[in-house]
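Worksheet: the structure to be examined is printed underneath.
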Ligand SMILES: Cc1cc2nc3c(=O)[nH]c(=O)nc-3n(C[C@H](O)[C@H](O)[C@H](O)COP(=O)(O)OP(=O)(O)OC[C@H]3O[C@@H](n4cnc5c(N)ncnc54)[C@H](O)[C@@H]3O)c2cc1C
């Protein structure tokens, strides 16, 4: 029977990054990806902070398409709040190329990469995990199984981990013939635009003629499909200037899990990235947060491999490490999300109105950080204490109550 030190389920950026680093230390690593081509189908808008490239060392020239300095936020009634504009706040990446470069590095570090090879069963057996794949009917063994298998992780299900609090449905497209300010993303808010979340247009080149657009919805807030809302966005007269004469060159789909799991380890098992819902609840971005957690997964996996001990007692350090690092920020993000989901369109309009002053815009530009949005909360409240009055009534009633 074939045996690996580590088997990784999922050839996304998180699985690929973990495979590369552990292989480099000389361990025997296998990575399984159910699709034929890495990075396809596309399930991402590709907006990240430069911190991603502090973690992953890949050739940026092939990956970075554009840089973003600010955002135009469109309220439900059509007001526009412009924030940023002074410095680069985010980078637009070619996500397929990003994933591809990470997996290429893993292969160069001797990870055995199996494409079009789905893990179809896995179970704990004595001191290891036994699994089967769609291309191999015989059991394969590993000492440590890493579930990096995305939002609908079957590893999470098979090993009885809890589920994320909610899973957003996403849709989008790559478009051409746009006429955008290349330095700004456009964000659209409102229950008729994207119930429970938002829609976006992200310019993907320096002339503003190409972009990625899309939206996510909260399934518990609408019976309509994401496609219904995307078609509405394209048809919406208020936004017609953005979509006039555009052509769709590629479709984007996907799901975003929110509400990080309270337990992400078991004997011989670790869950990482979207599989563990290590995603920013305010923006749906999961590349930076997933990679950050992956770096802790690597540290703990390597320690377990050195000790040849894969018990929960050893592996639980992973949970401690990522929780101390980004867990609090993700939990704060879930609290902001509860507030946001409870806002009516009128309340969103009132917030945007309140923020339309130079002092607030300055604060947002100074403290706004796409990876750590909570850093903005206190300075924003200090300059605008009256925004607390806009909190939905239900949340005010619960204020002070412990959940
Ligand atoms: C519409 C949309 C827009 C987004 N935009 C952004 C953004 O702008 N910025 C950002 O940071 N994040 C964004 N995200 C989130 C980001 O895409 C994810 O957080 C990121 O992909 C997580 O990486 P991962 O490796 O954990 O999971 P994934 O990228 O989902 O990779 C998991 C892989 O596992 C494979 N797999 C699953 N089950 C099996 C199995 N049984 N056997 C073998 N293989 C399997 C899947 O095919 C997949 O390739 C967006 C998501 C969506 C849906």
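Nothing in this text is a laboratory measurement; each read-out follows from the coordinates by a stated rule. What you see is a predicted model, and the numbers here were worked out from it, not measured in a lab. Here Cβ is always computed from backbone atoms with ideal geometry, including for glycine, and neighbour counts include all displayed protein chains.
Brief remarks follow.
- Note on the stretch 1-71 and the stretch 330-387: Cα centroid distance 32 Å, given to the nearest whole angstrom.
- Computed from Cα positions, the angle between helix 287-307 and the longest principal axis of the chain comes to roughly 20 degrees.
- For the listed peptides 191-201, 155-165, a ranking on the average number of other beta carbons within 10 Å per residue, highest first, reads 191-201, 155-165.
- Highest mean packing comes first when the peptides 264-271, 76-83 are listed by Cβ atoms within 10 Å, giving 264-271, 76-83.
- Each of the peptides 176-185, 293-302 was scored by the mean count of other Cβ atoms within 10 Å over its residues; in descending order, highest first, they stand as 293-302, 176-185.
- The coefficient of translational diffusion for the chain, derived via Stokes-Einstein from the alpha carbon Kirkwood radius under 4 °C and 1.567 mPa s, stands at 59 µm²/s.
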